[in-house]
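The values are calculated or read from the model by the stated rules, or taken from the named source; none is laboratory data. Quantities reported herein were computed from a predicted structural model and do not represent experimental measurements. Positions of Cβ are generated from backbone atoms using ideal geometry, with glycine treated the same way; all protein chains shown enter the neighbour counts.
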Amino acid sequence: MKKFNFPLDTVLNYKDQALDNLKSEHAQIIAKVEQQERKIEHLTEQRRTACIRFREETQNGIAINTMREYECYITYMQQRILTEQGVLLKLKRKEEQKRAEVVEARKEKVSIEKLKEKKLVQYNKEVLRSEELFIEEFVSNTMSVHNNR
């Protein structure tokens, strides 16, 4: 009997490779999101530390120039945090889009795999049917040979 051959195997292999590539890209974007979140946490901590030092120094008496420097630095840090949060938002949108692509690619691959399984079941039924027919013919021929003697 001939071996099972699924005509869409090349398509299935292509879909599998495409899915792997999308998963890899998705993982890279997730890593960038996490890195960006850490960056924002670090900047927030730097700003918080500057605010604490500013309060402490104002309680002890501070020069006006130093006070302005603190205010400028704190304002600058707040602007950087907002800018980095914008970058984070863009990365999160990109991650959501890539996740949707991964889900869609997985659906396509699974649908082809289900079709392959269906065809394999059908193939196995045909093989079983042909083997049963062969056995029936063999028995029938054997019986006719014995009856002819």
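Quick one: would you say ILE74 is more than 34 Å from the chain's Cα centre (by Cα) and modelled with pLDDT of 95 or more? So ILE74 fits the description; yes.
A search for C-beta distances below 8 Å between a residue of segment 33-56 that is under 12 Å from ILE74 (Cα atoms) and in contact (Cβ under 8 Å) with a residue 12 or more places away in the chain and any residue that is basic (Lys, Arg) and in a helix (DSSP H, G or I), counting only pairs 6+ apart in sequence or on different chains, returns LEU43/ARG80. Evaluated against (1) among the hydrophobic types (A, V, I, L, M, F, W, C); (2) modelled with pLDDT of 95 or more; (3) surrounded by fewer than 12 Cβ atoms within 10 Å (Cβ to Cβ), VAL87 falls short on exactly one condition, (3). The single condition among (1) closer than 30 Å to LYS23 by Cα; (2) without any contact (Cβ under 8 Å) to a residue 60 or more places away in the chain; (3) of a type in the set (A, V, I, L, M, F, W, C) that ALA63 does not satisfy is (1).
Of the residues ARG99, ARG129, which is modelled with pLDDT of 90 or more, more than 30 Å from ASP16 (Cβ to Cβ), of a type outside the set (Gly, Ala, Ser) and surrounded by 10 or more Cβ atoms within 10 Å (Cβ to Cβ)?
Criteria check complete, one pass: ARG129.
Within segment 29-77, being β-branched (Val, Ile, Thr) and under 17 Å from VAL87 (Cβ atoms) holds for ILE29, ILE30, VAL33, ILE40, THR44.
This table checks each residue for (1) in contact (Cβ under 8 Å) with a residue 24 or more places away in the chain; (2) touching a Ser or Thr at 6+ places or on another chain (Cβ under 9 Å); (3) in a helix (DSSP H, G or I); (4) surrounded by fewer than 12 Cβ atoms within 10 Å (Cβ to Cβ).
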site: MET67; (1), (2), (3), (4): no, yes, yes, no
site: LYS92; (1), (2), (3), (4): yes, no, yes, no
site: ILE112; (1), (2), (3), (4): yes, no, yes, no
site: GLU117; (1), (2), (3), (4): no, no, yes, yes
site: SER144; (1), (2), (3), (4): no, no, yes, yes
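Each row is one residue, and each column tells you yes or no for (1) over 22 Å from the mean Cα position of the chain (by Cα); (2) part of a loop (DSSP other than H, G, I, E, B); (3) within 30 Å of LYS114 (Cβ to Cβ).
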position: SER24; (1), (2), (3): no, no, yes
position: ILE30; (1), (2), (3): no, no, yes
position: GLU34; (1), (2), (3): no, no, no
position: GLU37; (1), (2), (3): no, no, no
position: ARG48; (1), (2), (3): yes, no, no
position: ILE52; (1), (2), (3): yes, no, no
